[in-house]
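Please read the structure below before turning to the comments.
The values are calculated or read from the model by the stated rules, or taken from the named source; none is laboratory data. Please read all numbers here as calculations on a predicted model, not as lab measurements. All Cβ positions, even for glycine, are placed from backbone atoms using ideal geometry, and neighbour counts span all protein chains on display.
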Amino acid sequence: MDIFIQQLVNGITLGGMYALIALGYTLVYGILLMINFAHAEMFMVGAYVGLFSLKFFSDPEWGAATLGLEGMQQFFTGSIFGLIIMFAIVFIFSGIVTGLLGMLIERVAYRPLRNAPRLAPLISAIGVSIFLQNAVLLWVDSRAIAFPNVFPVVNFGYGINSLKIFIVVTSIILLIGLDTLVSKTKMGKAMRATSQDRGAAQLMGININKVIAATFFIGPALGAVAGIFHGMYYGAVIFNMGFFPGIKAFTAAVLGGIGNLRGAMLGGFMLGIIESMTAGFISTGYKDVVAFAILIIVLIFRPGGLLGESVVEKV
Amino acid sequence: MTSHLMEARGATIRFGGLTAVDNVDMYVDVGEIVALIGPNGAGKTTYFNMLTGIYKPTEGDILFNGASIVGKAPHVIARQGISRTFQNIRLFPALSAIENVMIGRHMRTKTGALGALFKTPPARKEEQQIQADAEKWLAFVGLSGVANELASSLPYGAQRRLEIARALATEPQLICLDEPAAGMNPQETAELNLLVGRIRDAGVTVFLIEHDMKVVMEIAERIYVLDFGKLIAQGTPREVQNNPAVIEAYLGLGADALMAKHLDEGGDDA
């Protein structure tokens, strides 16, 4: 029973991260019918931006302290209140930087190919992915960098600790926020309209370039948050860290029904829990096998994914 | 004369070797109901596509309120006041009827994403206003009862009217209806005729493509006739009805006469 609860907690934590990344895939797919293979790198870049901004605010050997701002660092690391503000700044800053990078990539690498055959932007995305990985490898570091250990980890037993609670709660808040954004707001309606009929949306006065740019801001921003979580959870970042979480999150998006937001969330949590349970009860080596076996089974019976539209041909 | 609401001067569009719309002069004045008719493939929808910015004319100019709209993006033209419906219905199928209409209100509102997300008082007020406007337009086309149904689940005639409501919600000065009566039964067609009249009475100029000659003769004040991309006639319904060129275009000529007519580039009488 202990192991079950422990693995459930781990699974939900992991699932929250998968869900955040999966949303980026599914949002872009919903609007452009394109798999943004560079999205895993958004996650990675977000983690790096988070790492450096966190270091700047908290590492006495680095950043703010060397600029004579020790007082600020002491404020941020000295109290719970300071920590909350610091993490809020770090997450928002990283989200914005990564979001802007996402918009830039869309502008440079995808928009010129919008009317090209569908394979072209896909290849372009792979190119962007390789470029970003190598940019970080060359210009930042080829080795893993330790994530600053400033988050106060308090254990509550059963493998539950304050960091996992923080990750799960923040993920859920963001997921609800995005769901509200898409279902309730004007921008959300414009996004749904654009995904259903781009031409008609334009003729209703919707600037689809803006809608697509917003999509490419939101997805990477959420991916960046997941990246920081990942860094905090595993204690390090490295240039190719996006690969596996990216593949997993993409799988989660497909499992839930690609293009469907709630599907991506469901898929993310399911995949996280399945992986953790397999690791806990069968063997760590089998966790990916079981996860992908379940994906295949789901797709055989529901090709559109769990919440995806079941494809029924009208006669 | 630049006082026309919409005016096309020598509008031409070519797709490779095909001239789909050929040197067309046309205008629509404020408060009119004008119809564009012609046989299948005459270039009517292509003309609408030029007017709404989907296609850019190869030659010629299209003015709206005296200013050229050639080369402007569809959403910019929509914001300037031209709205349209489609020959093959293009609603947002997975949105409810009222959400479809609210999309039409989209560009006339200001609230940013943050305001909407945090429900600031101005955002909340605007949201209520959008809702009220959307309900008003649904009622205008007689769809109040199905506001929350998915657009794709509505009967065909209702979908056509919903498209009109969505177009009206953008507060256009000119509404372009592409075959609004297509596929409608006589009862629905009669209702549509009344609706078109009410749209004009609400202050929106109507420009429509129609196949159903009966509809056109009943509601249009002026008619333009396209055939093979060329404007072959214009005038009141009565004038057009009795125009030999129109009768030829609709009922056909013998092959020889058709060929001769084709080779003859001289302008037909109007």
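So the values come out like this:
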{"read-out": "Residue within the range B:103-124 that is part of a loop (DSSP other than H, G, I, E, B), out of contact with any Pro (no Cβ under 7 Å at 6 or more places or on another chain) and modelled with pLDDT of 90 or more present", "value": "no"}
{"read-out": "Residue count, the range A:199-212 (criterion: touching a residue at least 60 places away in the same chain (Cβ under 8 Å) and touching a helix residue (DSSP H, G or I) at 6+ places or on another chain (Cβ under 7 Å))", "value": "2"}
{"read-out": "When residues of the range A:178-198 are limited to those that are facing chain B (nearest Cβ under 7 Å) and of a type in the set (Gly, Ala, Ser), the one surrounded by the fewest Cβ atoms within 10 Å (Cβ to Cβ)", "value": "A:190"}
{"read-out": "Test for residue B:23: is it over 21 Å from residue B:221 (Cβ atoms), part of a strand (DSSP E or B) and either of a type outside the set (Asp, Glu) or out of contact with any strand residue (DSSP E or B) (no Cβ under 7 Å at 6 or more places or on another chain) (or both)", "value": "yes"}
{"read-out": "Candidates B:132, B:167, B:190, B:139 - the one that is within 11 Å of chain A (Cβ to nearest Cβ) and among the aliphatic types (A, V, I, L, M)", "value": "B:167"}
{"read-out": "Some residue of the range A:270-292 being touching a Gly at 6+ places or on another chain (Cβ under 6 Å), in a helix (DSSP H, G or I) and within 29 Å of residue A:32 (Cβ to Cβ)", "value": "yes"}
{"read-out": "Set B:85, B:109: member being over 25 Å from residue B:156 (Cα atoms), within 13 Å of chain A (Cβ to nearest Cβ) and polar (S, T, N, Q)", "value": "B:109"}
{"read-out": "Scope the range B:44-74; condition in a loop (DSSP other than H, G, I, E, B), under 22 Å from residue A:209 (Cβ atoms) and out of contact with any Lys or Arg (no Cβ under 6 Å at 6 or more places or on another chain); matching residues", "value": "B:54, B:55, B:56, B:69, B:70, B:72, B:73"}
{"read-out": "Test: residue in the range B:127-140 that is modelled with pLDDT under 90, in the same structural domain as residue B:97 (by TED's automatic domain parsing) and in a loop (DSSP other than H, G, I, E, B)", "value": "no"}
{"read-out": "Test: residue in the range A:95-109 that is surrounded by 13 or more Cβ atoms within 10 Å (Cβ to Cβ) and under 30 Å from residue A:277 (Cβ atoms)", "value": "no"}
{"read-out": "Test: residue A:241 is within 30 Å of residue A:3 (Cβ to Cβ), in a loop (DSSP other than H, G, I, E, B) and either within 12 Å of chain B (Cβ to nearest Cβ) or hydrophobic (A, V, I, L, M, F, W, C) (or both)", "value": "yes"}
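Matching residues to (1) under 14 Å from the mean Cα position of the chain (by Cα); (2) within 14 Å of chain B (Cβ to nearest Cβ):
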site: A:214; (1), (2): no, yes
site: A:220; (1), (2): yes, no
site: A:224; (1), (2): yes, no
site: A:272; (1), (2): yes, no
site: A:277; (1), (2): no, no
site: A:282; (1), (2): no, no
site: A:290; (1), (2): no, no
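For every residue, the table says whether it meets (1) within 14 Å of chain A (Cβ to nearest Cβ); (2) out of contact with any His (no Cβ under 6 Å at 6 or more places or on another chain); (3) surrounded by fewer than 18 Cβ atoms within 10 Å (Cβ to Cβ).
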residue	(1), (2), (3)
B:159	yes, yes, no
B:163	yes, yes, no
B:177	yes, yes, no
B:194	no, yes, yes
B:204	no, yes, no
B:214	no, yes, yes
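Per-residue answers, yes or no, for (1) basic (Lys, Arg); (2) touching a Leu at 6+ places or on another chain (Cβ under 8 Å); (3) in a helix (DSSP H, G or I); (4) at pLDDT below 85:
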position	(1), (2), (3), (4)
B:192	no, no, yes, no
B:225	no, yes, no, no
B:239	no, no, yes, no
B:250	no, no, yes, yes
